[in-house]
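Okay, structure first, notes after.
The values are calculated or read from the model by the stated rules, or taken from the named source; none is laboratory data. Source: prediction; values computed, not measured. Cβ atoms come from the backbone with ideal geometry, glycine included; neighbour counts cover every protein chain shown.
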Amino acid sequence: MKIGELLGIGNTARVYRWGKTEVIKLFYDQNYAVMEAKNAELINSLMLRAPKYGGLVDYEGKKGLIYERIDGPTMLWNIEPSEESMFYNARLMANLQYEIHQVKNKLLPNLKPEITHKINHSQEISNHDKQTITDILASLPDGNSICHYDFHPDNIIMSPNGPIIIDWLNLLVGNPEADVTRTSMMIQSDSLPPNAPDWLMHRESRVLFNKEYVSEYIRLTGMNDEFLEEWMIPTLAVRIDEMQGEYRQEIIDKLQTRLKKQDEVDEGN
């Protein structure tokens, strides 16, 4: 079978039509294809809101994943430039993430070890800072929730049958606080997708969206927002090597600001 129309371009893969009812996701890095294939099998077995997975195939020397085609815009493009629309979708996003976190599973937690490994292998973080960051991470609580760890409005398709969550490459098992902190960090970032919608271009809109999203998640769980600061340093650290150019520097600057404050606290004690 030949691939059809190009439907989407991401940081790790391109997505094309595949027959009448499916898509094929072709990865730039073949290791990522194998990783996501394992995750896709798991996600389907847990009956989460995700496209049905059709298998791993070889196509012209590349590995591709076959998925059910989901029609509809992503939440990112479905949001209108009004507070009513932003608040509605921010609350919806929090509910969808909370739903993921409530799914029962028997998997071993791996979020903290995976993050620790990535931080320790970063070329952008000094050895001193690595020690500080991994010490902070070690002190944070474990968990056994499914964490998407790339959960943002452009990974939620607003289909006629309801929201469907895509791109499970980063799936981890651990404390949901880490997942929410990661989402909050990404929402507030100045790193925007190409041709971003108007509402996203305005920082004040991103701040409002994030505030409503976090507030709704806290309302659902009864948690307080202290966990955001507790998890933010390791969350920023693991993000650095995922970014390029000015956006990488943005993350580095934010991390250094927080590490400086942490050093002042430690010296005060």
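Looking across the range 204-227, the residues that are of a type in the set (A, V, I, L, M), surrounded by fewer than 18 Cβ atoms within 10 Å (Cβ to Cβ) and within 22 Å of Ile136 (Cβ to Cβ) come down to Ile218, Met223. State whether one or more residues within the range 121-138 are under 26 Å from Lys52 (Cβ atoms) and either of a type in the set (S, T, N, Q) or in the same structural domain as Leu48 (by TED's automatic domain parsing) (or both). The answer is no; no qualifying residue exists. Applying the set (1) in contact with a strand residue (DSSP E or B) (Cβ under 9 Å, 6 or more places away or on another chain); (2) at positive phi to Asn195 leaves exactly one unmet item: (1).
Would you kindly identify the helices (runs of 4 or more DSSP H) lying entirely within the range 31-123 that contain at least 3 residues that are among the aromatic types (Phe, Trp, Tyr)?
Working: elements: 75-78, 83-101, 111-120.
Here the list reads 83-101.
Confirm whether Leu171 is in the same structural domain as Lys104 (by TED's automatic domain parsing), out of contact with any Leu (no Cβ under 6 Å at 6 or more places or on another chain) and surrounded by 12 or more Cβ atoms within 10 Å (Cβ to Cβ). Taking the combined requirement at face value, the residue satisfies it.
Of all the listed residues (Pro153, Pro113, Pro197), the sole one being touching a helix residue (DSSP H, G or I) at 6+ places or on another chain (Cβ under 8 Å) and surrounded by fewer than 20 Cβ atoms within 10 Å (Cβ to Cβ) is Pro197. Of the residues making up the range 13-31, those that are surrounded by 17 or more Cβ atoms within 10 Å (Cβ to Cβ) and under 20 Å from the mean Cα position of the chain (by Cα) are Ala13, Arg14, Val15, Lys25, Leu26, Phe27.
Keeping to the range 79-109, report how many residues are of a type outside the set (A, V, I, L, M, F, W, C) and either outside the structural domain of Leu236 (by TED's automatic domain parsing) or under 16 Å from the mean Cα position of the chain (by Cα) (or both). Count: 5.
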